[in-house]
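Have a look at the structure below before the remarks.
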Amino acid sequence: MTEIIVLWFIYSFLGWITETLYTSIPKKKFQDRGFLTIPIIPIYGFGALIVIYLLQPVSDHPLVIFPAAIVATSLLEYVTSNIMERLFNMRWWDYSQRKYNIKGRVCLRNSLLFGLLSIALVNYIHPLVKTLIAPLSQRQLELGSLVIITIVSIDTVHAVLFSLRFSKLAVELARIRESLSEREVS
């Protein structure tokens, strides 16, 4: 379990780097797309682990990995978007302007990219990461996991509380704006 926590953290961090570059380069401006303060995006960690543990047995078959990863990662992205929107009354991403999207939560372009990244993950990235963490002792993995869980838990509580307050404020501002609009019409 400790290794899984460390892997999740590594892939969440790599996901943050990927997402930051993917959004910052076209805008020529730094874009931090993470929900948390620390530089990780947890959905990437969960997505990577799902892909690794589901598709590692078929690592020699990219034509199996590609569509299976598209389905798995798109489902994760859709469900996560739905949950976050219901919890916070806000959208963290919206693909409505992209072709072939489902309710703005997932889109074909990103799903295809996740499929390609999953082939690289299963065949190249994960074996390299496993080699890099192999020298760590069980004690080091346990300590690392404890530190990760502590920091991520504190940051998650902070981010959730902030987002809930922000959501309430946004609702209140919308109510005030509507009230002012009604007064102007009268």
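The values are calculated or read from the model by the stated rules, or taken from the named source; none is laboratory data. The model shown is predicted, which means the values in this text are computed figures rather than measured ones. Cβ atoms come from the backbone with ideal geometry, glycine included; neighbour counts cover every protein chain shown.
Test Ile5 against the criterion of being at pLDDT 95 or above and assigned to a loop (DSSP other than H, G, I, E, B), and give yes or no. When the stated conditions are applied, Ile5 does not pass them. Of all residues in segment 141-178, exactly one satisfies the criterion of being at pLDDT below 75 and among the polar types (S, T, N, Q), namely Ser167. Pick from segment 39-70 the residues that are of a type in the set (Gly, Ala, Ser) and in a helix (DSSP H, G or I): which of them is surrounded by the fewest Cβ atoms within 10 Å (Cβ to Cβ)? Restricting to residues being of a type in the set (Gly, Ala, Ser) and in a helix (DSSP H, G or I), the top hit is Ala68. Among the criteria (1) surrounded by 15 or more Cβ atoms within 10 Å (Cβ to Cβ); (2) in contact with a helix residue (DSSP H, G or I) (Cβ under 7 Å, 6 or more places away or on another chain); (3) not hydrophobic (A, V, I, L, M, F, W, C), the one Arg91 does not fulfil is (1).
Being of a type in the set (S, T, N, Q) and outside any helix (DSSP H, G or I) is a condition met by no residue of segment 138-154.
This table checks each residue for (1) under 11 Å from the mean Cα position of the chain (by Cα); (2) small (Gly, Ala, Ser); (3) not in a helix (DSSP H, G or I).
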{"site": "Thr23", "(1), (2), (3)": "no, no, no"}
{"site": "Arg33", "(1), (2), (3)": "yes, no, yes"}
{"site": "Thr37", "(1), (2), (3)": "no, no, yes"}
{"site": "Lys99", "(1), (2), (3)": "no, no, yes"}
